[in-house]
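Participant: Quick one: the structure is below, and I'll ask about it shortly.
The values are calculated or read from the model by the stated rules, or taken from the named source; none is laboratory data. Because the structure is predicted, anything quoted here is derived from the model rather than measured. Methodologically, a virtual Cβ is constructed for each residue, glycine included, from the backbone with ideal geometry; neighbour enumeration extends over all protein chains shown.
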Amino acid sequence: MNPQTAQKKTKIAIIGICLCFLSGSLGYVQYMRTQSENDSVQYLDNAAAQLQNTMIKQIDGDFQTLEALAIVLGETGINDAERMIAILETINNQNQFVRMGYADLSGNADLVDIRSNHHLKKQVGREPFFQQTVREGRSLSNPQLDEKQEWMGSYGMLIKNNDGEPTGVLIAENLMDVYSSILDAPLLNGEGYSLLVDETGAVLMRPHHEPQARKQTLAELGQFTDKTRDTLRNWLTEGHAGSLRYRSFTGQPAIAQLVPLGVNRWYLFCAVPTAALHKNYDKTSLGMTLVITLAAMIFLLLMEWQNRSMQANQKALETLAYQDPLTQEGNFASFQKDVPALLKSGCTVWYCDIKKFKYFNDLFGYEQGDALLRDFSAVVKASLEKDELFCRVSGDNFAGLLQTLDPQRLAAWFNQLLVQLDQQLNEHSALVHLELCMGFFPVCEDDLTLSVNEMVNRANIAHRSVKDQPGNQFAFFTPQLRAQTLRESELEAQAKKALARGEFELYVQGKVNIQQDCRIVGGECLARWIHPEKGLIPPDQFIPLFEHNGMITQLDRLMFEKACAWLHAYLKEGRPPINLAVNVSRLDLFQDDFLDWYTAVKQRYAIPDGLLELEFTESVMLKDDQIFLHVVEELRRRGFICSLDDFGSGYSSLNILKNLPIQVLKLDILFFRQSVDIGRERIIIRNILTMAHELQMKTIAEGVETAEQVEFLKAAGCDIVQGYVYFKPMPLASFDQVLREELDHPQNCQTREAAVGSRR
Ligand code: C2E
Ligand code: CA
Ligand code: CA
C-alpha cells in the first residue's frame with residue numbers, strides 16, 4: 001500500500017472513531033435527558049398527588065363541619081326555616097362559609113350571607129347538587145357565578161331527625177377562591193400550573209396566576225393530537241390517572257399529569273412545559289455536548305497536527321534516504337528506486353569515475369574536491385534528456401541511465417561531457433588534467449529482467465576494463481568481459497588457499513649486460529600461479545586482484561624468500577655472484593615491518609650486500625615521496641639495490657629522478673613502441689639513458705625483443721637488456737641450468753646474437 005493511501009485510510013479511521021465517540025457521547029447525553037425527564041414526570045406525579053391531598057383535605061374538612069352541624073340540627077328536631085336560620089346565623093360566624101342556609105326537601109331554601117347578613121330565598125329543587133344531596137346524603141356543586149360575579153361552590157348535607165328520616169338539607173356556599181389558592185401552590189418553581197377540571201374536561205377552577213388557563217376546557221388549553229385528545233377523553237370518563245404530552249398554544253411541548261380527585265368526578269390537571277423539566281439538565285447537557293464536541297475537535301486537530309508532523313518527518317527521512325548530501329541530487333538508493341519505471345529495451349546504463357580524482361583531492365584539498373564533484377554532477381545533469389537519470393554512487397563514481405543504445409550517440413554524449421567538463425573546470429584543469437573513464441551497459445530486451453544493481457555492475461565491469469588505460473576512455477560491456485570478471489572473482493576466492501598450498505612458483509628472467517660481452521648478470525623474479533586445474537596463470541591475471549585484497553604483500557615476501565633461498569644455495573656452491581631482482585608492491589612498502597622483515601630474511605640466508613635488488617614502480621612516488629626517499633636510503637644502507645621499474649609508463653617526469661637515490665632505472669621499451677615515430681622515440685630513450693648515467697644510475701631496458709633494439713640500446717649506452725630477445729621468464733631450476741651452462745660455455749654477444757637469429 002502506498003503511503004498516501006495508508007494516510008487516507010488512517011484519516012478516515014480517525015474521523016470514524018471521532019464520529020463514533022461523538023454520537024456515543026451525544027446518545028449518552030440524550031439517554032440522560034430521557035432519564036431526567038422520567039424523574040421530572042415522577043416529580044410531577046408526586047406534586048399532583050400532594051395537591052390532590054390538600055384539595056381532598058379541604059373538601060373533607062368542609063363536609064365534616066357540615067355533617068356535624070347537620071347532626072346537631074337533626075337532633076334539635078327543628079323544621080321551620082326561620083329558627084333554623086337563626087341557629088345558622090350564629091354558627092356561621094364561626095366557620096369559613098360565606099353563606100349558609102336550610103332547604104326543605106322540595107328545595108325551598110333560605111340562605112343567610114355572613115358578610116352582609118343579607119337573607120335570601122332560593123328555589124334549589126332542580127339544582128343537581130340539591131338532588132344529589134337528597135339522593136346520596138351530601139354533595140358539592142361545580143363552581144358557579146353568583147349574583148356578585150363571584151365563583152361559588154354549594155355544599156349540601158342531608159339533615160335527618162332522630163329516627164333517621166330526612167327532614168331537610170343543610171346548604172353552605174363557599175367562595176371557590178379557596179381552591180384557587182390551593183391551585184396557586186407553585187408547581188416546578190412556578191413553571192407549571194394546576195387546574196381543577198370535571199369529567200368533560202371543562203375547567204372548574206384555575207390558579208389566580210394562570211391567565212393561559214382561562215379557557216373553558218382542557219381541549220382548548222393546547223394543541224392535542226387526535227390520539228392524545230382521545231386518551232384524555234377516555235381517562236376523564238373512566239376516572240383514570242396518567243400523564244400525557246401535548247403542545248401549548250405557543251408551540252412549546254408540555255407534559256401533564258391527570259389525577260382524579262375522588263369528589264364529583266373532578267380531576268386535577270397539573271401541566272408543565274417540557275422545557276422547564278429539562279431546564280437544569282439542558283444546561284448540563286448543553287455544557288456536556290459542548291465539552292464533548294470540543295474534545296472531539298481538539299482530538300481531530302491533534303491527530304491532524306500529528307499527521308502533518310509525521311508527513312514532514314517522512315519527507316525529511318526520504319530526503320535523507322534518497323538524496324546525496326554532496327550534490328543534492330538523487331543517491332544510488334533513489335536511482336535504484338526510480339530506474340525501473342524508465343527502463344525499456346534500448347536504453348543504456350553507464351558507470352564512470354574521474355581519473356586522478358584522489359590526486360586532485362590531495363593537491364587541492366577536500367573542499368575543492370567536493371566542488372569538483374558538484375560541478376561534474378551539474379554537467380551530467382545538464383546533459384540529460386527526458387526520462388534520463390543519474391546519481392553519485394560513492395566518492396567520484398557516478399552512474400546513470402540514457403535513453404539510447406546507439407554507440408555513436410553514446411560516444412558523442414561522452415565527448416560532449418568532456419568538453420563541458422573542461423570548460424567548467426577551466427582553472428583546475430590547467431593544473432591537473434582530469435580524465436573520465438566510463439563503462440556502458442546497453443540494455444536489450446533480455447536484460448530487462450536484471451536488477452538495477454546488476455546493470456550498474458555490468459557498466460562498472462566495462463568501466464574497469466579501461467580504467468587503467470591512459471587518457472579519457474569508455475568501453476562497452478561484453479559477455480567476454482563478464483566472463484573475465486567472473487574468472488577474476490573465482491581466482492580471488494581461490495587465492496588464499498593457493499598461497500597456503502604453495503601453488504605460487506618463482507620464475508626468473510635473465511638479464512644480460514650488453515656493454516660487457518653480453519654476460520648474464522642476473523635475473524628478475526616473477527611470480528607464476530600454477531593452478532591445479534587451470535595450469536599456469538600469468539601475473540597480470542592475479543597481481544591486480546592481490547593488490548586489491550592486500551595479499552600482494554604475502555606474495556612479494558614469498559617470492560623474496562624463495563629467491564634468497566635459491567641464491568643462498570647457489571652461492572654456497574661457490575658459483576660466481578649474481579644479481580636477483582624482486583618486485584615490491586606499493587602496499588608492501590608501507591608496512592611497518594617492511595625494512596626489518598626484508599633485512600632479516602637477507603641476513604637469515606646470509607646474502608652479501610649488492611646482490612639483492614628491489615624493484616619499485618614509479619607510482620609509489622606519487623604520494624608520500626618523502627617516505628619513499630627515506631626507505632630507499634635505508635635499503636641502500638642495508639645492502640640492497642633499489643630500482644625504479646617501468647619508468648616512462650606513468651606520470652613521472654624526468655624531474656623526479658634528481659632527488660631519488662635509486663641505483664637502477666628500468667625502461668620498458670614496450671611503452672615506447674606505442675609511439676608512431678620511431679625517430680622521436682629513440683631520441684627520448686637516448687636522453688633518458690644519458691641523464692640516468694649522469695645521475696650515476698645503471699640502466700636496464702625491458703621488453704627488448706629484437707637484435708636491432710639491442711644494437712640501438714648498446715649504442716645509446718644502455719647497460720642491461722631484459723627481454724625475450726635473450727630469455728623468457730623461466731622456472732628457477734631452468735635458470736639455474738642456464739647459469740651452469742654459461743659457466744661451462746661462456747657466451748658472448750656474437751654467440752648470443754647467433755642464438756637469437758636461429759630462434760627467429
Ligand atoms: P614487470 O615487473 O615489468 O615485469 C616484466 C614483465 O615483462 C614480465 O611479465 C615479463 O614476462 C615481461 N617481459 C619481459 N621481456 C619481454 C619482452 O621482450 N616482450 C614482452 N612482451 N614482455 C616481456 P610478467 O611476468 O607477466 O609480469 C607482469 C608484471 O607482474 C610484472 O611486470 C610485475 O609488475 C608483476 N609481477 C610479477 N611478479 C610479481 C611479484 O612477485 N610481485 C609483484 N609485486 N609484482 C609482480
Ligand atoms: Ca619488475
Ligand atoms: Ca617492468
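Participant: Inspect all residues belonging to the range 603-610 and state whether any of them is over 25 Å from THR699 (Cα atoms), assigned to a loop (DSSP other than H, G, I, E, B) and not hydrophobic (A, V, I, L, M, F, W, C).
Facilitator: Yes, the conditions are met somewhere in the range 603-610.
Participant: Another one. Right, VAL178: assigned to a loop (DSSP other than H, G, I, E, B) and touching a residue at least 60 places away in the same chain (Cβ under 8 Å) or not?
Facilitator: Against the criterion (assigned to a loop (DSSP other than H, G, I, E, B) and touching a residue at least 60 places away in the same chain (Cβ under 8 Å)), VAL178 does not qualify.
Participant: Another question, then. Might you check whether a residue that is closer than 26 Å to LEU261 by Cα and not hydrophobic (A, V, I, L, M, F, W, C) occurs anywhere in the range 157-171?
Facilitator: Quick first cut of the range 157-171, residues closer than 26 Å to LEU261 by Cα only: 157-159, 169-171.
Then keep just the ones that are not hydrophobic (A, V, I, L, M, F, W, C); that gives none.
No: zero hits.
Participant: Now for a different question. Confirm whether PHE364 is over 36 Å from the mean Cα position of the chain (by Cα), closer than 24 Å to ALA475 by Cα and at pLDDT below 90.
Facilitator: Working: over 36 Å from the mean Cα position of the chain (by Cα): yes; closer than 24 Å to ALA475 by Cα: no; at pLDDT below 90: yes.
Answer is no for this residue.
Participant: Name the single residue, out of those in the range 264-295 being assigned to a helix (DSSP H, G or I) and of a type in the set (Lys, Arg), that is surrounded by the most Cβ atoms within 10 Å (Cβ to Cβ).
Facilitator: Taking the candidates together, the pick is LYS279.
Participant: Moving to a separate point now. Restricting the range 516-530 to residues that are crowded, with 16+ Cβ neighbours inside 10 Å and of a type outside the set (A, V, I, L, M), which is nearest to ligand 2 (Cβ to nearest atom)?
Facilitator: GLU524
Participant: Take the residues of the range 545-554 that are farther than 15 Å from PHE616 by Cα and in a helix (DSSP H, G or I): which is farthest from ligand 2 (Cβ to nearest atom)?
Facilitator: Within the range 545-554, the first condition is being farther than 15 Å from PHE616 by Cα, and the residues that meet it are 545-546, 548-551, 554.
Adding the requirement that they be in a helix (DSSP H, G or I) leaves 545-546, 548-549, 554.
Working: LEU545: 18, PHE546: 15, HIS548: 19, ASN549: 21, GLN554: 18 Å.
Of everything passing the filter in the range 545-554, ASN549 is farthest from ligand 2 (Cβ to nearest atom).
Participant: Turning to a different aspect of this structure: I need a count of the residues in the range 41-80 that are at pLDDT 85 or above, within 17 Å of TYR102 (Cβ to Cβ), buried (at least 16 other Cβ atoms within 10 Å of the Cβ) and among the β-branched types (Val, Ile, Thr).
Facilitator: Residues that pass the stated criteria total 1.
Participant: If you don't mind, there's one more thing I want to ask. Please enumerate the residues belonging to the range 59-104 that are within 30 Å of SER181 (Cα to Cα), small (Gly, Ala, Ser) and in a helix (DSSP H, G or I).
Facilitator: Hits for the range 59-104 are GLY61, ALA68, ALA70.
Participant: Out of PHE594, PHE616, PHE590, I need the residue that is aromatic (Phe, Trp, Tyr) and buried (at least 21 other Cβ atoms within 10 Å of the Cβ). Which one?
Facilitator: Of the residues listed, the single one that is aromatic (Phe, Trp, Tyr) and buried (at least 21 other Cβ atoms within 10 Å of the Cβ) is PHE616.
Participant: Is one or more of the residues making up the range 618-626 under 60 Å from the mean Cα position of the chain (by Cα), at pLDDT 90 or above, under 26 Å from ASN513 (Cβ atoms) and within 13 Å of ligand 2 (Cβ to nearest atom)? Break it down stepwise before answering.
Facilitator: Going through the range 618-626, the residues under 60 Å from the mean Cα position of the chain (by Cα) turn out to be 618-626.
Among the residues that remain, those that are also at pLDDT 90 or above are: none.
There is no residue in the range 618-626 that is under 60 Å from the mean Cα position of the chain (by Cα), at pLDDT 90 or above, under 26 Å from ASN513 (Cβ atoms) and within 13 Å of ligand 2 (Cβ to nearest atom).
Participant: Still on this structure, I have one more. Could you go through the range 397-418 and let me know if any residue there is of a type in the set (Phe, Trp, Tyr) and over 30 Å from ALA321 (Cβ atoms). Before you say what the answer is, go through the steps one by one.
Facilitator: Within the range 397-418, the subset of a type in the set (Phe, Trp, Tyr) is 398, 413-414.
Restricting the remaining residues to those that are over 30 Å from ALA321 (Cβ atoms) gives 414.
Taking every residue of the range 397-418 in turn, at least one turns out to be of a type in the set (Phe, Trp, Tyr) and over 30 Å from ALA321 (Cβ atoms).
Participant: Now a separate question. Here are the criteria: (1) at pLDDT 85 or above; (2) crowded, with 16+ Cβ neighbours inside 10 Å. Tell me which single one THR228 does not satisfy.
Facilitator: (1)
Residue-wise test of (1) out of contact with any Leu (no Cβ under 8 Å at 6 or more places or on another chain); (2) in contact (Cβ under 8 Å) with a residue 40 or more places away in the chain.
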residue	(1), (2)
PHE332	yes, yes
GLY346	no, yes
GLN408	yes, no
GLN416	yes, no
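Participant: Quick one: which helices (runs of 4 or more DSSP H) lie wholly within the range 669-751 and hold at least 2 residues that are within 16 Å of ligand 1 (Cβ to nearest atom) and closer than 25 Å to TYR570 by Cα?
Facilitator: Output list reads 732-744.
Participant: Pairs needed: first member in the range 470-484, at positive phi and in a loop (DSSP other than H, G, I, E, B); second member anywhere, among the acidic types (Asp, Glu) and at pLDDT below 90; C-beta distance under 8 Å; at least 6 residues apart or different chains.
Facilitator: GLY471/GLU435
Participant: Here is a list: ILE678, ILE684. Which entry is at pLDDT 75 or above and either within 20 Å of PRO470 (Cα to Cα) or surrounded by 17 or more Cβ atoms within 10 Å (Cβ to Cβ) (or both)? Explain how you work it out, then say what you get.
Facilitator: Values: ILE678 fails: either within 20 Å of PRO470 (Cα to Cα) or surrounded by 17 or more Cβ atoms within 10 Å (Cβ to Cβ) (or both).
None of the other options fit; the residue is ILE684.
Participant: If you don't mind, another one. Which residues, taken from the range 555-592, are assigned to a loop (DSSP other than H, G, I, E, B) and either within 18 Å of GLY510 (Cβ to Cβ) or in contact with a Pro (Cβ under 9 Å, 6 or more places away or on another chain) (or both)? Before you say what the answer is, go through the steps one by one.
Facilitator: Start the filter on the range 555-592 by keeping residues that are assigned to a loop (DSSP other than H, G, I, E, B), which leaves 573-578, 584-585, 590-592.
Listed by number, the residues that qualify are ARG575, PRO576, PRO577, ILE578.
Participant: Moving on to the next point. Go through the range 31-40 and count every residue that is exposed (fewer than 15 other Cβ atoms within 10 Å of the Cβ) and touching a residue at least 40 places away in the same chain (Cβ under 8 Å).
Facilitator: Here is the first cut: in the range 31-40, the residues exposed (fewer than 15 other Cβ atoms within 10 Å of the Cβ) are 31-32, 34-35, 38-39.
Remaining after also requiring touching a residue at least 40 places away in the same chain (Cβ under 8 Å): 32.
Number of matching residues: 1.
Participant: While we're on this one: I'd like to know if the range 503-512 contains one or more residues that are more than 27 Å from GLU705 (Cβ to Cβ), more than 54 Å from the chain's Cα centre (by Cα) and either at pLDDT below 95 or not small (Gly, Ala, Ser) (or both).
Facilitator: Within the range 503-512, one or more residues are more than 27 Å from GLU705 (Cβ to Cβ), more than 54 Å from the chain's Cα centre (by Cα) and either at pLDDT below 95 or not small (Gly, Ala, Ser) (or both).
Participant: Separate question: Output the number of the condition that LYS467 fails; it satisfies all remaining conditions of (1) in contact (Cβ under 8 Å) with a residue 24 or more places away in the chain; (2) surrounded by 13 or more Cβ atoms within 10 Å (Cβ to Cβ); (3) touching a helix residue (DSSP H, G or I) at 6+ places or on another chain (Cβ under 8 Å).
Facilitator: (3)
Participant: Do we have any residue at all in the range 684-694 that's charged (D, E, K, R) and either within 16 Å of ligand 2 (Cβ to nearest atom) or farther than 26 Å from ALA754 by Cβ (or both)? Step through it out loud before you land on a result.
Facilitator: Taking the range 684-694 and keeping what is charged (D, E, K, R), we get 686, 694.
Still in the list and also either within 16 Å of ligand 2 (Cβ to nearest atom) or farther than 26 Å from ALA754 by Cβ (or both): 686, 694.
Yes, the conditions are met somewhere in the range 684-694.
Participant: Could you grab the pairs with beta carbons closer than 7 Å, sequence gap of 6+ or different chains, first residue in the range 264-291 and within 30 Å of PHE129 (Cβ to Cβ), second one surrounded by fewer than 16 Cβ atoms within 10 Å (Cβ to Cβ)?
Facilitator: Hits for this filter: ARG265/GLY239.
Participant: I need the full set of residues from the range 436-451 which are of a type in the set (A, V, I, L, M) and either free of Cβ contacts under 8 Å to residues at least 60 places away in the same chain or over 23 Å from VAL379 (Cα atoms) (or both), in order please.
Facilitator: VAL443, LEU448, LEU450
Participant: Oh, and also: In the list GLU165, GLU238, which residue meets the criterion of being over 60 Å from the mean Cα position of the chain (by Cα), among the acidic types (Asp, Glu), over 30 Å from ILE114 (Cβ atoms) and modelled with pLDDT of 85 or more? Step through it out loud before you land on a result.
Facilitator: Numbers: GLU165 fails: over 30 Å from ILE114 (Cβ atoms).
Answer to the selection: GLU238.
Participant: Quick one: how many residues across the range 513-536 are more than 60 Å from the chain's Cα centre (by Cα) and either within 16 Å of ligand 3 (Cβ to nearest atom) or part of a strand (DSSP E or B) (or both)?
Facilitator: Here is the first cut: in the range 513-536, the ones more than 60 Å from the chain's Cα centre (by Cα) are 513-525.
Keeping just the survivors that are either within 16 Å of ligand 3 (Cβ to nearest atom) or part of a strand (DSSP E or B) (or both) gives 513, 519-525.
Selection size over the range 513-536: 8.
Participant: Please give the number of the condition ARG586 fails out of (1) at pLDDT below 95; (2) within 16 Å of ligand 3 (Cβ to nearest atom); (3) out of contact with any helix residue (DSSP H, G or I) (no Cβ under 7 Å at 6 or more places or on another chain).
Facilitator: Only one criterion in (1) at pLDDT below 95; (2) within 16 Å of ligand 3 (Cβ to nearest atom); (3) out of contact with any helix residue (DSSP H, G or I) (no Cβ under 7 Å at 6 or more places or on another chain) is unmet by ARG586, namely (3).
Participant: Would you mind telling me which numbered condition in (1) closer than 20 Å to GLU618 by Cα; (2) in contact with a Ser or Thr (Cβ under 9 Å, 6 or more places away or on another chain) LEU713 fails?
Facilitator: (1) is the only condition that LEU713 fails.
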